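The values are calculated or read from the model by the stated rules, or taken from the named source; none is laboratory data. Keep in mind the model is a prediction, meaning the values are calculated, not measured. Ideal geometry is used to build each Cβ from the backbone, glycine not excepted, and the neighbour counts take in all protein chains shown. Note: accessible area is taken over every heavy atom of the protein model, side chains too, but ligands, DNA and RNA are not part of it. Shrake-Rupley method; radii C 1.70, N 1.55, O 1.52, S 1.80 Å.
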Amino acid sequence: MSNPFKLDLTQRPRRLRRTAGLRALVTETVLQPANLIAPLFVVDGRPAPEEIKSMPGVFRLNVADLVKECRALCKLGVPMVALFPKLDPKLKDDEGTLALAEDALVLRAVRAVKKAVPELAVMTDVALDPYTTHGHDGVLNAARDDVDNDRTVGILARMAVLQARAGVDFVAPSDMMDGRVGAIRKSLDAAGYTGTGIIAYAAKYNSAYYGPFRDAVGSAQAAGTRLLSKATYQMNPANRREAVIEAQLDSLEGADVLMVKPAGPYLDIIREVRNATRKPVAAYQVSGEYAQLQAAARLGWLDLARTRHESLLAIKRAGADMILTYFAKDLAKELR
Ligand code: PBG
């Protein structure tokens, strides 16, 4: 029986979806290993790789294993890694003193990676949370009820110079203090590190999606710090216009790349920042975004390979040039 129903259509968008070849021809967004930055966690001593409970498939690595992992990533075409140290809680104090140690773990890790795999770019976080007992990104004020902005910035600027001296390609202030990008740029230049770049966590939100990361670096050590509120410095998740202000300030202060974080739940912010600047935009698919997909996949509720790809494609489509993601290695392998 023939179906008598016929539309008189001039426009039939489905023509362009008819075959795989046609769909490829009209693809607007393509993910490449070159778009990815792999965050890696490093520990001291010689422990075997230790899986982070809330981040299946992500391990804390000693420096030797870290170097191996970096070699593998570089071979897969991933151009940059972001290093995060996890300190022994005994080494932490209120002031985050060890952030300024000349032989700090993260500095030793940077030197080892740059020596073994010089073509791989390295970025490091500039913030005090791995070093402070209270888990905040800065030092506290006299009343101990907030982070002291200006005193913190002074420390961060010194920290950035140490990281530059160790050989990082980019320092990445993730603390959200006012004026830190400008202060860091000045200090780097004064110390002769004019070639060291700044990837600013420009619009970083006060997000509950950082929970697994705080397990990973142990900034959740003190009772309740997993739920630590960073609301006086990280951005209110309700705000969008403010993200543009933050991005413009960081850009004017000398940031080379502007980052939005988290990524998936903040695609509108990525697009907003993309439209507001000509500089490269980075987005950080954070630990909680990774944990969500892993957990659902483990329950058999989502297909991991497909949701992984789709989640990252969406972030790139929203306007991110580069994406920090714990899926970097898996995706690079898939794209090979
Ligand atoms: C801390 C920092 C955080 C992340 C990167 N740097 C957590 C926080 O602000 O508490 C989160 C990354 C992630 O969740 O994957 N300066």
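Taking residues in the stretch 206-217 that are open to solvent by 30 Å² or more (accessible area, probe 1.4 Å) and of a type in the set (D, E), and partners anywhere that are within 8 Å of the ligand (Cβ to nearest atom) and at pLDDT 90 or above, the pairs with Cβ atoms closer than 9 Å and at least 6 places apart or on different chains are D215/S287. Within the set R308, R336, R271, the sole residue that is more than 23 Å from D137 (Cα to Cα) and touching a Phe, Trp or Tyr at 6+ places or on another chain (Cβ under 7 Å) turns out to be R308. For the stretch 173-189, state whether one or more residues are open to solvent by 50 Å² or more (accessible area, probe 1.4 Å) and under 27 Å from E272 (Cβ atoms). Yes, the stretch 173-189 contains at least one residue that is open to solvent by 50 Å² or more (accessible area, probe 1.4 Å) and under 27 Å from E272 (Cβ atoms). Among the residues here, F213 does not qualify as within 15 Å of the ligand (Cβ to nearest atom), within 17 Å of the chain's Cα centre (by Cα) and farther than 24 Å from A291 by Cα. In the stretch 81-99 there is at least one residue that is at positive phi, within 15 Å of the ligand (Cβ to nearest atom) and crowded, with 21+ Cβ neighbours inside 10 Å. Based on this model, can you work out whether L128 counts as hydrophobic (A, V, I, L, M, F, W, C), within 27 Å of V63 (Cβ to Cβ), within 16 Å of the ligand (Cβ to nearest atom) and open to solvent by 10 Å² or more (accessible area, probe 1.4 Å)? Answer is no for this residue. Number of residues in the stretch 232-243 that are more than 15 Å from the ligand (Cβ to nearest atom) and touching a strand residue (DSSP E or B) at 6+ places or on another chain (Cβ under 8 Å): the value is 2. Contact map, the stretch 81-102: first residue under 30 Å from A332 (Cα atoms), second residue open to solvent by 50 Å² or more (accessible area, probe 1.4 Å) and in a loop (DSSP other than H, G, I, E, B), Cβ cut-off under 9 Å, separation 6 or more or different chains; pairs are P85/D44; K86/D44; L87/D44. Looking only at the stretch 56-67, decide whether some residue is closer than 29 Å to L304 by Cβ, modelled with pLDDT of 95 or more, under 20 Å from the mean Cα position of the chain (by Cα) and of a type in the set (D, E). No, because not a single residue in the stretch 56-67 is closer than 29 Å to L304 by Cβ, modelled with pLDDT of 95 or more, under 20 Å from the mean Cα position of the chain (by Cα) and of a type in the set (D, E).
Residue-level analysis places A82 among those that are of a type in the set (A, V, I, L, M), closer than 18 Å to M159 by Cα and within 17 Å of the chain's Cα centre (by Cα). Here V117 fits the description: farther than 23 Å from Y205 by Cβ, open to solvent by less than 60 Å² (accessible area, probe 1.4 Å) and touching a helix residue (DSSP H, G or I) at 6+ places or on another chain (Cβ under 9 Å). Is it the case that some residue within the stretch 183-200 is farther than 21 Å from A82 by Cα and within 15 Å of the ligand (Cβ to nearest atom)? No, the stretch 183-200 has no match at all. Kindly provide the set of residues from the stretch 17-33 that are more than 32 Å from the chain's Cα centre (by Cα) and part of a loop (DSSP other than H, G, I, E, B), ordered by number. Hits for the stretch 17-33 are R18, T19. Number of residues in the stretch 296-323 that are in contact (Cβ under 8 Å) with a residue 60 or more places away in the chain, among the hydrophobic types (A, V, I, L, M, F, W, C) and open to solvent by 30 Å² or more (accessible area, probe 1.4 Å) equals 2. For the stretch 249-265: of the residues being out of contact with any helix residue (DSSP H, G or I) (no Cβ under 6 Å at 6 or more places or on another chain) and under 19 Å from N149 (Cβ atoms), which is farthest from the ligand (Cβ to nearest atom)? Among those that are out of contact with any helix residue (DSSP H, G or I) (no Cβ under 6 Å at 6 or more places or on another chain) and under 19 Å from N149 (Cβ atoms), it is L252.
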